[in-house]
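Participant: My questions all concern the structure below.
The values are calculated or read from the model by the stated rules, or taken from the named source; none is laboratory data. None of the values given here were measured: they were computed from a predicted structure. Neighbour counts run over all protein chains shown; Cβ positions are idealised from the backbone, glycine included. All accessible areas refer to the heavy atoms of the entire protein, side chains included, with ligands and DNA or RNA removed. Shrake-Rupley method; radii C 1.70, N 1.55, O 1.52, S 1.80 Å.
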Amino acid sequence: MAQFTKLTSKIMPLLVDNIDTDQIIPARFLKVTDKEGLGKVLFCDWRYEGTVSTIDAAEQATPKADFILNNPRYEGAQILLVGDNFGCGSSREHAPWALTAHGFRAVISTSFADIFYNNALKNGLLPVVVDAETHADLLDMAEETTEAFLTIDLESQSVELPGGQAVSFPIDAFARSCLLRGVDQLGYLLSFDEQITAYEEATRV
Amino acid sequence: MGRTLSEQILSHAAGREVQPGELVIVRPDVVMGHDSLTPSIIQIMKEELGKERVADPDQIVLTVDHVAPPSTVGVANNQNTSRRFAREQGIRMFDVGRGICHQVLIEEQIARPGRIVLGSDSHSTSYGAVGAFGSGMGSTDIALIWATGRTWLRVPETIKVQVSGAFGPGVGPKDLALKLERDMTIAGATYAAVEYHGLDWLPLSGRQTLSSMAVELGAKVGIVPPSGEVADRCPVPDWLRVEPDATYARTVEVDLDGLEPQVAFPHAVDNVVDISEIAGAEVNVIFLGTCTNARYEDMRAAADILNGKQVNEDVRFIVTPVSSREMQRAAADGTLATLLAAGAVLTTPGCGMCMGRHLGTLGDDDVCLSTGNRNFKGRMGAPTSSIYLASPSVAAATAITGRITDPRDI
């Protein structure tokens, strides 16, 4: 899993509430296990004209000019700012895979759906929950200029606004520790497999 | 202080008293993987984590239901990968045609009162219908359990849904599920357990409808206390019972008296209205299927309305039974014959067209009325198609007219 320590990037605003995983990555791409290719079909139905059925077809598809992912001014943005309850719906882990394959490293919202939140943490994608006021400030900033850069510091669990003030965000300590080291949670646990088994044997009732 | 059902189940599994908000490490009783995500779970476990064997094959169940039978070479190859994995690891598998995971695990009594049943499918909240702690997870989380036998869960707080009254004619469990969407919204129970009370009289099939849709409220689990028909078919552990002084985060009250048939508008599950507000809208595809509403009782309700009548010539009416067993029940008493005589199209049991990958994928501008659980834009096919959600009775009445129709008017 990719390490996450500190990220400075411009913000791409996509202010829609309840963006479900069918919008992030349609079900027809679930047979894909090549995570990298999924970046080309992130937000597929919002991003291209017509129905794109395969990753290869996305190369030939016509991008919708009014969708923000196709706006060259936001190219290279690694932070996605979204509406409430992001990632609701299906459990598909293809959603964070598609986001990270496209280049996003963090998603900021006022709330996330539970399964998406956990899937993101396990794939090096940082879900950042902020209060409504901070969210509105960030939106103003992202819409005023595409040159506004935001810093997310996982070590201090804070978002640093360009004005200098820092806003903290919550994250589970174990998930944070794994992200800071770039170690996946399962790999970390399995590295203690022998000790865990020995402990369980020793304490068996 | 009393505990909610989720707190009792997680306390029992953890071997100590647990409180909402705590993290607990548990050994789930059952961990289900379906054909759509099993290949990615295997890949994560074997290739990314280098773990060749699952910790406990008896804990795992595989199903083939999402695209069954397969529609493309890629899907067929993925399913063969799952079959080889099941054989090599000694894991139980329910193959093409047996039915939707959530139905099969309940029919086979693999999901039971008091058990923790996790699955690679978000609708794993369905196991709450038999009083289990059922919840969905992503591929990495599932791979973690297959590899270690264990997982950690945050103990959810519980929202109590208190139901009173009784369904009127033409109104049923799906209307209650949609009413809860309307009152609580799609994010109304994020990471909470929803516990449904006042439904001891409700048959298992109706409980499955409710629990399957708990995830559409954002819930971690959706539990109906295991009483009535559920307690009759499956032993309830003596440590699992409703404790009157349990603490709930809040209570939502719903009165079934006077409840109209409910319909969810495209493209949001919680955009729900009384049928009188939308009656007359044209549709061209009707889908009676999914883990939410494709059991015998659902097919029977549709057949009662369609008996002696014909599906409108401008409409395709596709029936995908939830499982082989429920299809056999519907065949045994003539329910299927009634549906077929009316012009229904019958498919292999499974998830069918719910996620738009086969057996009726919607084309551009198609308008579908589905008995399923999600109507997100493009879910069932073309991005320009749209989906209404409603009960099997509304689906049958609408199939006759080609317009959204109140079943009480037929």
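Condition check ((1) under 15 Å from residue A:81 (Cβ atoms); (2) under 21 Å from the mean Cα position of the chain (by Cα); (3) away from chain B (no Cβ under 14 Å)) across all residues:
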| position | (1), (2), (3) |
| --- | --- |
| A:116 | no, yes, no |
| A:145 | yes, no, yes |
| A:164 | no, no, yes |
| A:186 | no, yes, no |
| A:196 | no, no, no |
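Participant: Also, quick follow-up: Residues to consider are B:28, B:20, B:69; find the one that is open to solvent by less than 30 Å² (accessible area, probe 1.4 Å) and either in the same structural domain as residue B:158 (by TED's automatic domain parsing) or in contact with a Pro (Cβ under 9 Å, 6 or more places away or on another chain) (or both).
Facilitator: Every option except B:28 fails the conditions.
Participant: State whether the residues of region B:104-116 include one that is small (Gly, Ala, Ser), crowded, with 16+ Cβ neighbours inside 10 Å, in contact (Cβ under 8 Å) with a residue 12 or more places away in the chain and within 25 Å of residue A:116 (Cβ to Cβ).
Facilitator: Yes.
Participant: Is it the case that residue A:109 is open to solvent by 10 Å² or more (accessible area, probe 1.4 Å) and in contact with a helix residue (DSSP H, G or I) (Cβ under 8 Å, 6 or more places away or on another chain)?
Facilitator: Criteria not met by residue A:109.
Participant: So if I check each of A:57, A:61, A:98, A:77, which one is within 13 Å of the chain's Cα centre (by Cα) and farther than 26 Å from residue B:119 by Cα?
Facilitator: Going through A:57, A:61, A:98, A:77 in turn, just one is within 13 Å of the chain's Cα centre (by Cα) and farther than 26 Å from residue B:119 by Cα: A:77.
Participant: Being within 13 Å of residue A:67 (Cβ to Cβ) and basic (Lys, Arg) is the filter here; which residues of region A:1-49 pass it?
Facilitator: Across region A:1-49, the qualifying residue is only A:47.
Participant: Now for a separate question. May I ask you to verify whether residue B:96 is open to solvent by 10 Å² or more (accessible area, probe 1.4 Å), hydrophobic (A, V, I, L, M, F, W, C) and touching a residue at least 40 places away in the same chain (Cβ under 8 Å)?
Facilitator: Criteria met by residue B:96.
Participant: Among the strands (runs of 3 or more DSSP E) contained in region B:75-143, which hold 2 or more residues that are within 14 Å of another protein chain (Cβ to nearest Cβ)?
Facilitator: In region B:75-143, B:116-119, B:133-136 are the strands (runs of 3 or more DSSP E) which contain 2 or more residues that are within 14 Å of another protein chain (Cβ to nearest Cβ).
Participant: So residue A:21 passes all but one of these: (1) closer than 29 Å to residue B:121 by Cα; (2) more than 9 Å from chain B (Cβ to nearest Cβ); (3) among the hydroxyl-bearing types (Ser, Thr, Tyr). Which condition number does it fail?
Facilitator: (2)
Participant: Let me ask you something else. Residue B:50 fails exactly one of the following numbered conditions: (1) more than 29 Å from residue B:159 (Cβ to Cβ); (2) open to solvent by 50 Å² or more (accessible area, probe 1.4 Å); (3) more than 10 Å from chain A (Cβ to nearest Cβ). What is the number of that condition?
Facilitator: (3)
Participant: While we're on this one: Taking only pairs six or more apart or across chains, which ones have beta-carbon atoms under 7 Å, a first residue in region B:383-408 that is within 14 Å of chain A (Cβ to nearest Cβ), and a second residue that is of a type in the set (Asp, Glu)?
Facilitator: Every condition considered, the pairs that remain are B:383/A:45; B:384/B:364; B:384/B:365; B:385/B:364; B:385/B:365; B:385/B:366.
Participant: Applying the selection to region B:343-370, what residues are open to solvent by 10 Å² or more (accessible area, probe 1.4 Å), closer than 19 Å to residue B:296 by Cβ and more than 14 Å from chain A (Cβ to nearest Cβ)?
Facilitator: Result: B:344, B:345, B:346, B:347, B:348.
Participant: While we're looking at this one, here's another question. Quick check on my filter: what residues within region B:1-17 are part of a loop (DSSP other than H, G, I, E, B) and open to solvent by 30 Å² or more (accessible area, probe 1.4 Å)?
Facilitator: Of everything in region B:1-17, those that are part of a loop (DSSP other than H, G, I, E, B) and open to solvent by 30 Å² or more (accessible area, probe 1.4 Å) turn out to be B:1, B:3, B:15, B:16, B:17.
Participant: So, in region B:268-296, how many residues would count as being buried (at least 24 other Cβ atoms within 10 Å of the Cβ), in a strand (DSSP E or B) and not aliphatic (A, V, I, L, M)?
Facilitator: Adding up the residues that qualify gives 1.
Participant: If residue A:104 satisfies all but one of (1) of a type in the set (Phe, Trp, Tyr); (2) modelled with pLDDT under 95; (3) buried (at least 18 other Cβ atoms within 10 Å of the Cβ), what's the number of the condition it fails?
Facilitator: Of (1) of a type in the set (Phe, Trp, Tyr); (2) modelled with pLDDT under 95; (3) buried (at least 18 other Cβ atoms within 10 Å of the Cβ), only one is false for residue A:104: (2).
Participant: Can you name the residue in region B:165-192 that is in a loop (DSSP other than H, G, I, E, B) and in contact with a Leu (Cβ under 6 Å, 6 or more places away or on another chain) and, of all such residues, is least open to solvent (accessible area, probe 1.4 Å)?
Facilitator: Checked region B:165-192; the qualifying residue least open to solvent (accessible area, probe 1.4 Å) is B:189.
Participant: Looking at B:195, B:216, B:253, which one is surrounded by 18 or more Cβ atoms within 10 Å (Cβ to Cβ), assigned to a strand (DSSP E or B) and touching a residue at least 24 places away in the same chain (Cβ under 8 Å)?
Facilitator: B:195
Participant: Can you name every residue in region A:39-61 that is in contact (Cβ under 8 Å) with a residue 12 or more places away in the chain, within 24 Å of residue B:77 (Cβ to Cβ), open to solvent by less than 30 Å² (accessible area, probe 1.4 Å) and within 11 Å of chain B (Cβ to nearest Cβ)?
Facilitator: Across region A:39-61, the qualifying residue is only A:44.
Participant: Any idea how many residues of region B:297-309 are in a loop (DSSP other than H, G, I, E, B) and free of Cβ contacts under 8 Å to residues at least 60 places away in the same chain?
Facilitator: Qualifying residue count, region B:297-309: 2.
Each row is one residue, and each column tells you yes or no for (1) part of a helix (DSSP H, G or I); (2) in contact (Cβ under 8 Å) with a residue 40 or more places away in the chain.
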residue	(1), (2)
A:136	yes, no
A:140	yes, no
A:164	no, no
A:180	yes, yes
A:188	yes, no
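Participant: Hey, among B:146, B:152, which residue is farther than 22 Å from residue B:186 by Cβ and either in the same structural domain as residue B:390 (by TED's automatic domain parsing) or surrounded by fewer than 24 Cβ atoms within 10 Å (Cβ to Cβ) (or both)?
Facilitator: After ruling out the rest, the residue left standing is B:152.
Participant: Specify the residue that is nearest to residue B:353 (Cα to Cα); the eligible residues are those in region B:56-74 that are away from every other protein chain (no Cβ under 14 Å) and out of contact with any Ser or Thr (no Cβ under 7 Å at 6 or more places or on another chain).
Facilitator: Ranking the candidates gives B:63 first.
Participant: Would you pick out the residues in region A:166-178 that are within 11 Å of chain B (Cβ to nearest Cβ) and free of Cβ contacts under 8 Å to residues at least 12 places away in the same chain?
Facilitator: Once the filter is applied, which keeps residues that are within 11 Å of chain B (Cβ to nearest Cβ) and free of Cβ contacts under 8 Å to residues at least 12 places away in the same chain, region A:166-178 yields A:173, A:174.
Participant: Here is a further query. Kindly indicate which of B:340, B:346, B:359 is within 25 Å of residue B:71 (Cα to Cα), without any contact (Cβ under 8 Å) to a residue 40 or more places away in the chain and in contact with a helix residue (DSSP H, G or I) (Cβ under 7 Å, 6 or more places away or on another chain).
Facilitator: B:346
Participant: Could I ask something else about it? Give the residues of region B:378-405 that are charged (D, E, K, R) and surrounded by fewer than 20 Cβ atoms within 10 Å (Cβ to Cβ), sorted by residue number.
Facilitator: The one that is charged (D, E, K, R) and surrounded by fewer than 20 Cβ atoms within 10 Å (Cβ to Cβ): B:403.
Participant: Name the residues in region B:144-184 that are hydroxyl-bearing (Ser, Thr, Tyr) and away from every other protein chain (no Cβ under 14 Å), would you?
Facilitator: B:158, B:164
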